[in-house]
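This report concerns only the one structure given below.
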Amino acid sequence: MEKDIDLIKVCNILGKSKRTVSRYIKRGLLKPEKIRGQKGIEYRFNLAEVESLQNTEATGQKTRQNQKVDIKENNTLSLLKDNMKILEKQLKSKDQQIKQLLDRQRETNYLIGQLQNKVLLLEDKNKGKRQDKNDKPSDTLSDRVKTFIDRLFGKK
């Protein structure tokens, strides 16, 4: 077992800062040997242990800061976002169509109400008059108006 790698070499191999390597030691991911040197206590690392840590990081154990988004996930996200924008536009246009239809329905109801009022007024006026011999009893003004409305709206 080779234990002659110092902290700086470990940082270079892993591509991490001294602070990150120190965190790895505290979490137990790396177990260095402590040696008294000229500058005080120095750490010596096992090369195989460092390489195994490097391999586990390469296979997906990454911190949130260093995590890279997979290309497929990115493409899927962008497709979903585009689809959502299209659906939002369609929803807005459908809302506008519904509003227009409701406005038309209100106008139609108002016009039909006015027409009914006029028909009722005409019926009231015709009740006081005598019926002509040519007019049939069932052929009143209200029946003619109903027939006209049925023709207008396509009812038979």
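Of all residues in region 4-15 being in a helix (DSSP H, G or I) and β-branched (Val, Ile, Thr), which is surrounded by the fewest Cβ atoms within 10 Å (Cβ to Cβ)?
ILE8
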### Message
Residue pairs, Cβ under 6 Å, 6 or more apart or interchain, first in region 16-29 and surrounded by 13 or more Cβ atoms within 10 Å (Cβ to Cβ), second modelled with pLDDT of 90 or more. List them.
### Response
VAL21/CYS11
### Query
Looking at ASN12, is it modelled with pLDDT of 85 or more and polar (S, T, N, Q)?
yes
### Matching entry among ASP70, ASP139, ASP132 (being closer than 30 Å to LEU14 by Cα, among the acidic types (Asp, Glu) and at pLDDT below 65)
ASP70
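For every residue, the table says whether it meets (1) at negative phi; (2) at pLDDT 85 or above; (3) part of a helix (DSSP H, G or I); (4) surrounded by 10 or more Cβ atoms within 10 Å (Cβ to Cβ).
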| position | (1), (2), (3), (4) |
| --- | --- |
| GLU49 | yes, yes, yes, yes |
| THR56 | yes, no, yes, yes |
| LYS62 | yes, no, no, yes |
| ASN66 | yes, no, no, yes |
| LEU101 | yes, yes, yes, yes |
| ARG106 | yes, yes, yes, yes |
| TYR110 | yes, yes, yes, yes |
| GLU123 | yes, no, yes, yes |
### Query
In region 85-131, what residues are within 50 Å of the chain's Cα centre (by Cα) and closer than 21 Å to THR147 by Cα?
THR108, ASN109, TYR110, LEU111, ILE112, GLY113, GLN114, LEU115, GLN116, ASN117
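The values are calculated or read from the model by the stated rules, or taken from the named source; none is laboratory data. Remember, it's a predicted structure, so these values are computed and weren't measured experimentally. Methodologically, a virtual Cβ is constructed for each residue, glycine included, from the backbone with ideal geometry; neighbour enumeration extends over all protein chains shown.
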